[in-house]
Amino acid sequence: MDEEILQDFLVEASELVENLDGQLADLANSPTDSDLLNAIFRGFHTVKGGAGFLGVTPLIEVCHRAENVFDKIRNGDVEYDDAAADIIVSAFDVISDYLEALKAGERELEDADPALLTALDILWKGKPVAEDPVVETPASDSDLQLAEGVDPDGDMTDEEFEALLSQRDEEPEVAPSGLALADGVDPDGDMTDDEFEALLSQRDGEDDGLSLDVGVDPEGDMTDAEFEALLKEGDGEADIEPAVAEPIKVAPKPVVKPKPTESKADNKPKAMAESTVRVDTKRLDEIMNLVGELVLVRNRLLTLRGSDTEQEELANVVGNLDHVTTDLQNSVMKTRMQPVKKVFGRFPRVVRDLSKKLGKEIELQLEGEETDLDKNLVEALADPLVHLVRNSVDHGVEMPDEREAAGKPRKGIVVLAAQQEGDHILLSITDDGKGMDPNVLRQKAVEKGMMDEMAASQLDDKSAFELIMGAGFSTAEVVSDISGRGVGMDVVKTMITKLNGSIEINSELGKGSQINIRVPLTLAILPTLMVSFGIDSYAIPLTSVQEIFDYDASQTNKIDGQMMVRLREKSIPLLFLSDWLAPDHDYSDLSDHKVIIVAIGNQRAGLVVQQVNGQEEVVIKPLGVMMTHIEGYAGATITGNGSIALILDLPGVIQRFQYL
Amino acid sequence: MEMSVMDNAKPDDTSFLSDEEQEKYSGPSMRCVLFELNSEIYGINVKKIREVLRVGTIRRVEGANPNVLGVINVRGVIVTVVDTRQSYSIQPKIVDDLSRIIIVELDSENIVGMMVDCVLEVKDIPEKQFEPMSSTKEGASRYLQAIAHFQGNVIILIDVDNMFDA
């Protein structure tokens, strides 16, 4: 197997499988959408094509059948009902598993579960149709005629494509193009492998359009030249020769190469493949970095221009540079963006499987799937969201009977929504389940020894809900394998905090719960508050900053060796950052110092700094070699004047002060 | 620079040398950047060096290793600067006009700056001249790859990969 081609195939196939995942989810909602059905058909078909080229037989077997099933479904011969969905979804799982195995370096795949193959076979042969069992879908595609004046090699328009499809669909009674079954073979029965092979070779023998040159080993790898030659030969055939028929051995399907032979009828109408390029995110980061530098240079130029108004020409040029740089910066930012659909796509599956397992009836609604956010965020959000959705399904929504008794429809609804709010994304998971009882939570907190009864009774409802995000807090009486171990919400909270995001819980007993997550649009740019000691400046993530006020010694107390500041009837511990950041700082006069109240999780602290310089959006850069492990820093950044500011990592800062 | 050029480069002008010395300096050589620390000459393979910078503002980072001077901004990349003197247990010296920061490439992603007293020149040193270090000092010796006696000088060759492994 050619490693290089295999790797390219894996990249392409993984992408297709990812798309298929989403498309299959969509299909559950609109099982008759013909565009969708065609897309899914093409997806399986293309994966099969690649697998065929590489000779990954078990993968071909499954894709082949899935493709056939979808061919039936899109023709309306088979209905995509729940039973069909189950089979297709498990076939899909098997395909993803195969790809994972190939990625993991396995080269000999086990055959797929015969039960699944049979199930697929039954599905696509469900209604007796006189068709060749091998049916690489109707093999008489050569009957399809192109409209006059159409360049068979040119890209197709949508209309042409549709026309061809319907033309083909009109001819269900396909002449099996010379493929004959051996006597005594039941056309509808399962085939043995031998029979399959025999048919394949029979077909290959018939494949008169494409012939190999003398001396070419049909099983061997092709040279590029041979491949090209075959391509030409194939293109020379006026009609769409390879069409759906799958040349498994003779004319390998190009996986990496430009795809002229890619059966036209199945290809996307527009040459999508050529309009995109895969770029390593590292390279994007580099570009981002350089753009950042360019912005700094521009800023300096802008200051220079300000002092010399006489040179109008120069001013104009700098003005232009200003615009171009801003646009460039935005464009580069956009290249890192991906629709949140990428994460949402997996949830219909999660909810479907889970509700089936639990015997619940749940409908998942997705909103705002097209919202864009940073690629890294998309990936980082996947796990916390899965956890929250599982929680909603497991704990939130009640059993159908219970719901009915409470006067609600049997079917519960879970809504997963995303929307942009300024420079933030708001993600919310809402269910119409039983909601949470703040009193139960208060009581639980006392039982677990997290607080005494007094403190618990003083918690407002919202704070009581937030208790569930504490480590080791679980109210589930029975720990299931789905949720309820009391680690989940804690982990979710930590992950969201790490992304500079916040999490908020609303709930109404009997009506349902809503969890809101706010994360910044991008991880690359961080809004910060710039503070400094002397000339050394530090950046504090703005999301954590609650308020800033002047340091006033009369408002402080020393309690148990810890300085505290009184703020609206509450005492908040003070952390003198200079203890750590400026050891030789002069403490005699702190009158011009400022206190910055920050919130880290449900903890608050007041950071005492010498100077507050205002807000700045910064690009986070890693600290260099030998510095990445230092607690308390999230990285560094270059400020508008070209100097370096260190970005504080607040949880780390707090840790540090606990040991001081 | 082409690898082959470097590896087979001849030592600097040897025409004034006797035949015997010519023989000594022949064969493959390594091109090194030579710099001074406390009046000793050190060398680093030129392949490992990205650039040499004048000393600008170094931002101190509280909590870093004692042998780290801080970080600098090299065209948008934050680079750690190491006090090379401290790494070799040499008493510190105030930065002056001759002080330089040598930017060393550890691998394709990581670079680090080494503060040195001054940078002397780039020289091709015949590999025959290198002899492995037999230092009595544990720890420090793992940074030092070899010493070379060359044109009347002792040159200490630094193994940067080992130096920043930790």
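Within the stretch A:73-114, can you find the residues that are under 21 Å from A:K356 (Cα atoms) and aliphatic (A, V, I, L, M)?
Result: A:A83, A:A84, A:A85, A:I87, A:I88, A:V89, A:A91, A:V94.
Condition first: part of a strand (DSSP E or B) and closer than 25 Å to A:K621 by Cα. Can you find one or more residues in the stretch A:484-500 that meet it?
no
Within the group B:V122, B:V52, B:V61, which residue is over 18 Å from A:H629 (Cα atoms) and surrounded by 15 or more Cβ atoms within 10 Å (Cβ to Cβ)? Outline the logic, then answer.
Values: B:V122 fails: surrounded by 15 or more Cβ atoms within 10 Å (Cβ to Cβ); B:V61 fails: over 18 Å from A:H629 (Cα atoms).
Criteria check complete, one pass: B:V52.
Go through the stretch B:115-143 and give me each residue that's modelled with pLDDT of 85 or more and in a loop (DSSP other than H, G, I, E, B).
The one that is modelled with pLDDT of 85 or more and in a loop (DSSP other than H, G, I, E, B): B:D117.
Kindly provide the set of residues from the stretch A:1-25 that are acidic (D, E) and either under 15 Å from A:R107 (Cα atoms) or touching a residue at least 60 places away in the same chain (Cβ under 8 Å) (or both), ordered by number.
A:D2, A:E3, A:E4, A:D8, A:E12, A:E18, A:D21
If we only count strands (runs of 3 or more DSSP E) wholly inside the stretch A:550-644, which ones have 3 or more residues that are within 14 Å of chain B (Cβ to nearest Cβ)?
A:633-638
Right, B:I44: away from chain A (no Cβ under 11 Å) and crowded, with 19+ Cβ neighbours inside 10 Å or not?
yes
Pairs under 6 Å by beta carbon, first residue touching a residue at least 40 places away in the same chain (Cβ under 8 Å) in the stretch A:519-543, partner of a type in the set (V, I, T) and not in a strand (DSSP E or B), six or more apart or different chains?
Note: pairs meeting the criteria are A:L526/A:I620.
The values are calculated or read from the model by the stated rules, or taken from the named source; none is laboratory data. What you see is a predicted model, and the numbers here were worked out from it, not measured in a lab. FYI the Cβ positions are ideal-geometry reconstructions off the backbone, even for glycines, and counts take in every protein chain you see.
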